[in-house]
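Comments concern the structure below.
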Amino acid sequence: MIGVVRIVGLALGSAALLFAAERRHDQCSSAPHRQFDFVIGNWLVRDSSAQAIGTVTLSKEYGGCVVIEKWRGVANSGEGLGVAGYEPARGTWHRDFIDHDGFVLAVDGQLEGAAMVMTGKDYTPDGARLHRVTWAPRENGSVIERWEMSIDGGRSWQVRFYGALERIAE
């Protein structure tokens, strides 16, 4: 009898987990949850002079609710990890990024036209720095990522990173 109860309990528990996973998946299949899908894939990244500077893989995980980014610079010049997701209550996207040197940045944003634009701050002993990261899809299927930083409250911006993402084999 105890064996039957355990089997029924496991079956009910598994069914509940599958139902919960299906429900979460449904919650993350709305149009706003798909706004950032244009970055999903494996990419070769080139700088503004067309030199290869690294690769990045972006995938949807956890039922399509989370975008995971794995960056690797050429010749082991650096690595980074990004995690992004749509926050329905706020109607915005949130992204956390950390690199091999321990730099951490949290940004929030939304679509502006066809581009995803996120902004945030980090703090140094010299004060707050504003960050603006834009991912813009191009007609040829590539994506331009432009990361800008301001140390004067947004009056002027300097490019911290420019990458032209070219899709490579999965």
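The values are calculated or read from the model by the stated rules, or taken from the named source; none is laboratory data. None of the values given here were measured: they were computed from a predicted structure. When we count neighbours, we look across all protein chains shown, and the Cβ atoms used for this are built from the backbone with ideal geometry, even at glycine. When the accessible area is computed, the model is the full protein with side chains, heavy atoms only, and any ligands, DNA or RNA have been set aside. Shrake-Rupley method; radii C 1.70, N 1.55, O 1.52, S 1.80 Å.
Structure data summary
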read-out	value
In segment 74-97, the residues that are without any contact (Cβ under 8 Å) to a residue 40 or more places away in the chain, over 18 Å from Lys60 (Cα atoms) and either touching a helix residue (DSSP H, G or I) at 6+ places or on another chain (Cβ under 9 Å) or open to solvent by 50 Å² or more (accessible area, probe 1.4 Å) (or both)	Val74, Ala75, Asn76, Ser77, Glu79, Ala89, Arg90
Check on Gly127, open to solvent by less than 30 Å² (accessible area, probe 1.4 Å), out of contact with any Cys (no Cβ under 6 Å at 6 or more places or on another chain) and modelled with pLDDT under 95	yes
Neighbours by Cβ (under 7 Å, 6+ apart or cross-chain): first from segment 110-132, under 13 Å from Gly153 (Cβ atoms); second of a type in the set (Phe, Trp, Tyr)	His131/Trp147; Arg132/Trp157
Search result, residues across segment 30-59 that are open to solvent by 50 Å² or more (accessible area, probe 1.4 Å) and at negative phi	Ala31, Arg34, Gln35, Asp37, Arg46, Ser48, Ser49, Gln51, Thr55, Thr57
Output for segment 102-124, where each listed residue is more than 27 Å from Glu139 (Cβ to Cβ), of a type in the set (A, V, I, L, M, F, W, C), open to solvent by less than 60 Å² (accessible area, probe 1.4 Å) and in a strand (DSSP E or B)	Leu105, Ala106
Pair list, Cβ < 6 Å and 6+ apart or interchain, from segment 143-161 residues that are more than 10 Å from His131 (Cβ to Cβ) to residues that are basic (Lys, Arg)	Ile151/Arg129
Some residue of segment 90-101 being assigned to a loop (DSSP other than H, G, I, E, B), over 13 Å from the mean Cα position of the chain (by Cα) and among the acidic types (Asp, Glu)	yes
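So that you can scan it fast, the table gives a plain yes or no per residue for (1) among the small types (Gly, Ala, Ser); (2) in contact with a strand residue (DSSP E or B) (Cβ under 6 Å, 6 or more places away or on another chain):
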{"residue": "Val56", "(1), (2)": "no, yes"}
{"residue": "Val67", "(1), (2)": "no, yes"}
{"residue": "Gly73", "(1), (2)": "yes, yes"}
{"residue": "Ala84", "(1), (2)": "yes, yes"}
{"residue": "Asp99", "(1), (2)": "no, yes"}
{"residue": "Val117", "(1), (2)": "no, yes"}
{"residue": "Arg138", "(1), (2)": "no, no"}
{"residue": "Ala164", "(1), (2)": "yes, yes"}
{"residue": "Arg167", "(1), (2)": "no, yes"}
